[in-house]
Amino acid sequence: MEKKLFDENEGRTLAEAALRQITENTSRETGDQFFRVLVRDLAKALDVYYVIAGRIVVNENMKEHNQTLAIWAGDDFMDNISYPLDDTPCSNVSSQNMCFHASGICTLYPQDQLLVDMAAESYIGMSMIDTQGKTLGILVALDKKPIDQNKRLLGLSLLSIFAARCAAELQHQDREAQLESLVEQRTQTLKAAQKKLLEQEKMAALGSLVAGIAHEINTPIGVAVTGASSLIEFSNTLDKRLNSEEVTIEELQELIDLVNQGAKLIDSNLQRAASLISSFKQLAVDQSNLHQSKIELGEYINSIFIAHAAALRRAKVSYTLTASDKIIMYLPAGKLAQLLSNLIMNSLTHAFPDEQGGQIMVNAEQENDQAVITVADDGIGITDEIKHHIFEPFFTTRRGEGGSGLGMHIVYNIVTSLGGTITIPDSPKGLTFVITLPLSITDHPSP
């Protein structure tokens, strides 16, 4: 009686010491590392050769497998494996039955090749059951020698406690995986929505540009049409005078001067229209073509401002351009066009309220292998708070007045996609952007 009491007390002491040690070691770990520490410490506490922690999965044939999370084998970890539960003692454990075999495990389960390969003799298994009563996995201790009664009680106690802890860890992993999946789905949805909005913003800007160009072209075309009508009238008058009995040199000279003036008027206005059409055509082609092209920076910037002449005139804003001679760049010109177009429209929309007018100043120069473009206006400027958020998507100071908050975000995306930088230095008046771009743009992703 005293011997039995002593064994029970000793076993309880060993169990409590092992429990404290394993709990302390695993409390600092999560995920895969938690299971690795657990199987190692359980093997040492129970003095067994193998401890396996595994998750139960169903394969494509609807067969249950044990996908191991960690395996301790003797003095080191084994690589994780997956094995079917049919004809194994683990199949009993997966049915939420505690399984204990003190010896002869290979004889009882001759078709379990894994037991044979491990030269296993004894087996203790416990199921990992979640808070809904579902079996998530199994925790198993195996040894190459029989397990005596004292080790059986210690093993069942420790496996019972830590199987529950394993189930909690698996539930935590499942929740994290579900959360990550949900975040990924919502991220993809947000990216798709943002891409759609960016395309809409681009098309809206292009639509505004088309309307402005159409209005701008109508003026010189109208003048040219009027001039052509006048030429017809002058030519008819000239024909009549030439066929009359009396005509003076002064009359003929007067008619010739009128014809000459009309021809010059038509020519100058058609040249103006051709220039506008050429600028718009170049921008339209560039917008649809993201391949690299060679541009002369100063000329290209000027063509973009010409394309926005109608909008500039409506806002009573003039522009000046100062550019170093022949800054040659190789880049997707459409991106540069959209970048500068957005900056122009941002200034016209925000810098000059109430159509008070102003000026946009552009300076382009080359510094080593980079182009530095400075776009400044003498408008009302912005606060430090707005400056801090200006490149964020959907940030706008005109919420409810048609502002989408995407214009400057597009600008930032384009600059960074071209491998450049954009900064907003302090300026005494208005707002200034300094854009630095490499002269040759290669291998940079589209925004």
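The values are calculated or read from the model by the stated rules, or taken from the named source; none is laboratory data. Source: prediction; values computed, not measured. Note that we place each Cβ from the backbone using ideal geometry, even for glycine, and neighbour counts take in every protein chain shown. The area values use the complete protein model at the heavy-atom level, side chains included, leaving out ligands, DNA and RNA. Shrake-Rupley method; radii C 1.70, N 1.55, O 1.52, S 1.80 Å.
Assorted remarks:
- Residue ID - most open to solvent (accessible area, probe 1.4 Å), chosen from residues in the range 42-68 that are of a type in the set (D, E, K, R) and within 26 Å of Ser103 (Cβ to Cβ): Lys44
- Hey, Arg36 modelled with pLDDT under 80 and on the phi < 0 side of the Ramachandran plot or not: no
- Of everything in the range 117-133 that is open to solvent by 20 Å² or more (accessible area, probe 1.4 Å) and in contact with a Cys (Cβ under 9 Å, 6 or more places away or on another chain), the residue that is farthest from Asn92 (Cα to Cα) is Ala119.
- Looking across the range 351-373, just one residue is open to solvent by 20 Å² or more (accessible area, probe 1.4 Å) and within 28 Å of the chain's Cα centre (by Cα), and that is Gln370.
- Among residues of the range 367-381 that are touching a residue at least 60 places away in the same chain (Cβ under 8 Å) and farther than 19 Å from Thr320 by Cα, those with a beta-carbon under 6 Å from a residue that is assigned to a strand (DSSP E or B) and open to solvent by 20 Å² or more (accessible area, probe 1.4 Å) at least six positions away or on a different chain give the pairs Gln370/Thr436; Gln370/Pro438.
- Residue in the range 32-41 that is in contact (Cβ under 8 Å) with a residue 24 or more places away in the chain and part of a loop (DSSP other than H, G, I, E, B) present: no
- Residue in the range 333-355 that is in contact (Cβ under 8 Å) with a residue 40 or more places away in the chain and in a strand (DSSP E or B) present: no
- Residue in the range 332-342 that is surrounded by fewer than 16 Cβ atoms within 10 Å (Cβ to Cβ) and of a type outside the set (A, V, I, L, M) present: no
- Filter result for Gly137 (in a helix (DSSP H, G or I) and either of a type in the set (Asp, Glu) or open to solvent by less than 20 Å² (accessible area, probe 1.4 Å) (or both)): no
- If the condition is being in a strand (DSSP E or B) and crowded, with 21+ Cβ neighbours inside 10 Å, then the range 309-318 contributes only Val317.
- The range 194-245, subset modelled with pLDDT of 70 or more and under 19 Å from Leu312 (Cα atoms), residue least open to solvent (accessible area, probe 1.4 Å): Pro220
- Lone qualifier among Gln96, Gln188, Gln171, Gln111 - being surrounded by fewer than 17 Cβ atoms within 10 Å (Cβ to Cβ), part of a loop (DSSP other than H, G, I, E, B) and modelled with pLDDT of 85 or more: Gln111
- Residues that are in contact with a helix residue (DSSP H, G or I) (Cβ under 8 Å, 6 or more places away or on another chain) and either under 18 Å from Met345 (Cα atoms) or open to solvent by 10 Å² or more (accessible area, probe 1.4 Å) (or both) within the range 418-432 comprise Thr421, Ile422, Ile424, Gly430, Leu431, listed in sequence order.
- Hits in the range 114-126 - residues which are at pLDDT below 90 and small (Gly, Ala, Ser): Gly125
- For the range 374-390, taking the residues that are touching a Ser or Thr at 6+ places or on another chain (Cβ under 7 Å) and not β-branched (Val, Ile, Thr), the one that is surrounded by the most Cβ atoms within 10 Å (Cβ to Cβ) is identified as Asp377.
- Test for Ile441: is it farther than 24 Å from Ser318 by Cβ, at pLDDT below 85 and in contact with a Gly (Cβ under 7 Å, 6 or more places away or on another chain): yes
- Scanning the range 334-363 for residues that are among the small types (Gly, Ala, Ser) and either under 14 Å from Asp378 (Cβ atoms) or out of contact with any Leu (no Cβ under 8 Å at 6 or more places or on another chain) (or both) yields Ser347, Ala351, Gly357, Gly358.
- Residue in the range 143-164 that is free of Cβ contacts under 8 Å to residues at least 40 places away in the same chain and over 23 Å from Ile105 (Cβ atoms) present: yes
- Of all residues in the range 114-134, those satisfying the criterion of being under 52 Å from the mean Cα position of the chain (by Cα), within 20 Å of Tyr49 (Cβ to Cβ) and assigned to a strand (DSSP E or B) are Tyr123, Ile124, Gly125, Met126.
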